[in-house]
Amino acid sequence: MVSVATLGSHCALQLLKGAKDEGLETLLICEKKRENLYKRFKFIDKIILVDSFLEVLEQKCESILQKNNSILIPHGTLIAQMSSEQIESIKTPIFGNKNILRWESDRNLKQKLMNEANLPTPKSIASPNAINSLVIAKRHGAAGGKGYFLASSEDEYNKKRDQLIKEGMINGDNDLYLQEYTSGVLAYLQFFYSPLKKELEFFGVDKRHESNIEGLARIPAENQLKMEKFTSFNVIANSPLVLRESLLDDVYTMGENFIKASAKHVPPGMNGPFCIEGVYDENARFSAFEFSARIVAGTNIFMNGSPYTTLIFDEPMSMGRRIAREIKQADTENQLKNVTT
Ligand code: AMP
């Protein structure tokens, strides 16, 4: 019997509760400082205590996972704390496609895959001296929006970049990616692609509450102008959205195009959970600024199912549970190789 393992952070609770609901054994790789939190939850069968998540790469941790026949579910913390090389070197089978995580972390590869998938994206700006409208400067990797800032000119950009260097958050221009700022309704579209059924399931939509940008919007312009505070887009929480039904057809098309492009460029393709993140403009046209090639924390809203999973399943279905169900089916049918890398 396989077990499900993940790092103690991000959406670990959802993942392991979902695995337990499907009758699988659950393991948590947990930093000592978080042990008190996670031992409250009875659906976690085993806690492997570590000083740092990098210990996943070490023999001791790997052999515990191997002994427990574990499948590791990657999430944002794995991407944020390990390099692509480190992730690719993990010997424990990883649910989905670990090779596509490199395409998530590298902005240029990311843009390439979104172009291949025909996703409309905001224009990227080649260098600070080409800034002539409002742009957002973003850090590479899964920084969670921390330290992202807006600028309308090269001077403004330089000032804010220097501040981030002073704070030790970046080393220089190479650590920032510039993109045209798109305004509208932000929506984070959550999908699951089943390599066993060869079917795309649309799981839900969320919006993110980001600090301090959300708070700044509550301050009148005249007060904002007197403030020295810079923006940041640090995700603090998520809340649910439902889309106008007339937008759903396009949502499925975007998901399917993304799957086709991934299968072509990053074999074995976009298996399992993923998210396309972007903005609907005033004409209800979507522009994707990002994708996540693994489960996103916004799925935590729907631990009991979402309006969209209710349409597909006759029982509460979280993304964590859906992953476990795919693993269980693959295990029964001797197809684990088709759902892991
Ligand atoms: P990302 O790391 O690309 O997911 O961006 C983090 C946050 O920055 C998003 O959740 C949005 O709030 C904001 N953001 C990123 N790119 C854009 C964009 N092109 N236009 C407007 N907002 C953006």
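General remarks:
- Residue-by-residue Karplus 3J(HN,Hα) for the range 236-246, coefficients 6.51, -1.76, 1.60, Hz, glycine and proline x: 10, 7, 10, 9, x, 10, 10, 8, 3, 4, 5
- Percent of Cα pairs exceeding the 23 Å cut-off, where the set is the range 1-88: 14 percent
- Once the Cα gyration tensor of the range 88-130 is diagonalised, semi-axes √(5λ) in Å: 28, 13, 5
- Computed extension length for residue 173-residue 214: 12.2 nm, one decimal, from 0.36 nm per residue of separation with the Cα-Cα distance subtracted.
- Residue pairs, from the table 32/67; 33/60; 60/110; 98/328; 39/67; 166/229, whose Cα atoms sit over 24 Å apart: 60/110
- For the chain, built as a Gaussian network whose Cα springs stay under 10 Å, the top-fluctuating residue of 307, 240, 74: 307
- If R0 equals 35 Å, the separation of the Cβ atoms of residue 181 and residue 41 corresponds to a calculated FRET efficiency of about 0.30.
- Cβ charges +1 (Lys, Arg) and -1 (Asp, Glu), total dipole of the chain, debye: 680 debye
- Simple label model, 7 Å out from Cα along Cβ direction - residue 163 to residue 127, nm: 2.5 nm
- The Cα-based radius of gyration of the range 1-49, divided by its Kirkwood radius, gives an Rg/Rh of 0.93.
- Close amide-amide hydrogen proximity is noted between residue 3 and 70, 71, each under 5 Å apart and 5 or more residues distant or on a separate chain (H modeled in the peptide plane; Pro and chain starts excluded).
- Annotation for residue 229 and residue 315: the two label points, set 7 Å from Cα along the Cα-Cβ direction, are 4.6 nm apart.
- Take each peptide in 224-234, 287-297, 264-274, count the other Cβ atoms within 10 Å of every residue, and average; sorted highest first, the result is 287-297, 264-274, 224-234.
- Each Lys and Arg contributes +1 and each Asp and Glu -1, all at the Cβ; summed about the Cα centre of the range 155-274, the dipole is approximately 200 debye.
- Residues whose placed amide H lies under 5 Å from that of residue 50, excluding near-sequence neighbours: 30, 31, 32
- Most positive-pole-ward Cα, 168, 183, 82, against dipole of the chain from beta carbon charges: 82
- Among 101, 137, 114 - extreme Cα towards positive end, dipole of the range 80-183, charges at beta-carbon: 101
- Bridging of residue 197 to aspartates and glutamates at a Cα separation below 15 Å is possible for 256, 326, 331, 333, once same-chain residues fewer than 8 apart are set aside.
- Å² of accessible area per residue within the chain, as computed with a 1.4 Å probe and no ligands counted: 48 Å²
- From the largest down, the range 205-245 spans 42, 20, 9 angstrom on the principal axes of its Cα atoms.
- Column: log10 I(q)/I(0), Debye, Cα scatterers of the range 221-339, q = 0.15, 0.22 Å⁻¹: -0.90, -1.51
- Unit Cα scatterers, Debye sum, the chain: log10 I(q)/I(0) for q = 0.13, 0.15 Å⁻¹: -1.03, -1.33
- Cut-off under 5 Å, modelled amide H: who pairs with residue 211 long-range: 234, 235, 236
- The tail of the calculated P(r) for the range 119-225 beyond 19 Å holds 57 percent of all Cα-Cα pairs.
- Surface composition of the range 52-151: carbon plus sulfur atoms hold 47% of the accessible area, using a 1.4 angstrom probe and ignoring ligands, DNA and RNA.
- Cα shape, the range 208-277, gyration tensor, a/c 1.5 rule: prolate
- Its Kirkwood hydrodynamic radius, worked out from the mean inverse distance over all distinct Cα pairs, puts the range 153-288 at 17.8 Å.
- Rg/Rh ratio calculated on Cα atoms of the range 274-341 (Kirkwood radius): 1.08
- Stretch gain in nm, segment residue 52-residue 257, where the contour uses 0.36 nm per residue and the Cα spacing is subtracted: 70.1 nm
- If you take the alpha carbon atoms of the range 56-153 and fit the smallest convex hull around them, that volume is 111 Å³ per residue.
The values are calculated or read from the model by the stated rules, or taken from the named source; none is laboratory data. Since we're looking at a predicted model, the values are computed, not measured. Note: ideal-geometry Cβ built from the backbone for every residue, glycine included; neighbour counts use all protein chains shown. Calculation scope for accessible area: heavy atoms of the full protein, side chains included, ligands and nucleic acids excluded. Shrake-Rupley method; radii C 1.70, N 1.55, O 1.52, S 1.80 Å.
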